Amino acid sequence: MLTDSTVKAAIAIHDAEISVAALAKAIPNSLSKDQHRFRQTLQSIKKQQDQTKQQQLMQQLSAKIAMSMQLRAQRLAAMPTIDYPAELPVVGKKDDIKAAIAKHQVVIIAGETGSGKTTQIPKICLELGRGVAGMIGHTQPRRLAAHSVSARLAAQLKCPVG
């Protein structure tokens, strides 16, 4: 989990003499969308023969990693308070669903129409920390339905859409 000390460590990495090992250690604390690109960049930096050029590239990468880590920390700080309507059947199985999502890469959840799957599963994922480093994807067959779901989730989380 990303903490203030992790962000301070990233800034310290950026401000101090930068090493490949320090950058590699910082990458997992950045946003998921950036991690692959950062690793690729770091691999190409390792191959750089010119030490001055290598240090310059590492400083640039360090700045990008620090910015990504800062954005991740801001997302974590802005996480809304999550509450669940007790009348929805999915909420009764919340702990089981949460454990399954935490343990498995793919989880299939089936239930009656109106049981709360569409609105409560994304909130469970958010509570697990998904959405801090990356995004929680939600699919709907029609654009209008997708917009309706996002508006309902935003209202339940008491935050603006988007």
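Computed quantities for the displayed model
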{"read-out": "Which numbered condition Leu157 fails, given (1) in contact (Cβ under 8 Å) with a residue 24 or more places away in the chain; (2) touching a helix residue (DSSP H, G or I) at 6+ places or on another chain (Cβ under 6 Å)", "value": "(2)"}
{"read-out": "Residue, farthest from the chain's Cα centre (by Cα), within region 17-60, restricted to residues that are within 27 Å of Gly129 (Cα to Cα) and of a type in the set (Gly, Ala, Ser)", "value": "Ala21"}
{"read-out": "Among residues of region 77-90, those that are assigned to a helix (DSSP H, G or I) and surrounded by fewer than 17 Cβ atoms within 10 Å (Cβ to Cβ), counted", "value": "2"}
{"read-out": "For Val106: the one exception among (1) closer than 30 Å to Met69 by Cα; (2) surrounded by 17 or more Cβ atoms within 10 Å (Cβ to Cβ)", "value": "(2)"}
{"read-out": "Checking His138 against (1) in a helix (DSSP H, G or I); (2) surrounded by 14 or more Cβ atoms within 10 Å (Cβ to Cβ), the condition it does not meet", "value": "(1)"}
{"read-out": "Some residue of region 141-148 being open to solvent by 60 Å² or more (accessible area, probe 1.4 Å) and outside any helix (DSSP H, G or I)", "value": "yes"}
{"read-out": "Residue under evaluation Gly162, criteria (1) at pLDDT below 90; (2) under 24 Å from Pro28 (Cα atoms); (3) open to solvent by 30 Å² or more (accessible area, probe 1.4 Å), criterion not met", "value": "(2)"}
{"read-out": "Single residue of Thr41, Thr52 found to be hydroxyl-bearing (Ser, Thr, Tyr), modelled with pLDDT of 95 or more and assigned to a helix (DSSP H, G or I)", "value": "Thr41"}
{"read-out": "Identity of the residue in region 115-131, outside any helix (DSSP H, G or I) and modelled with pLDDT of 90 or more, that ends up most open to solvent (accessible area, probe 1.4 Å)", "value": "Leu128"}
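The values are calculated or read from the model by the stated rules, or taken from the named source; none is laboratory data. Keep in mind that what you see is a predicted model, and the values were worked out from it rather than measured. Glycine also receives a Cβ, built like all others from the backbone with ideal geometry; neighbour counts cover every protein chain displayed. Surface areas here come from the heavy atoms of the whole protein model, side chains and all, with no ligands, DNA or RNA. Shrake-Rupley method; radii C 1.70, N 1.55, O 1.52, S 1.80 Å.
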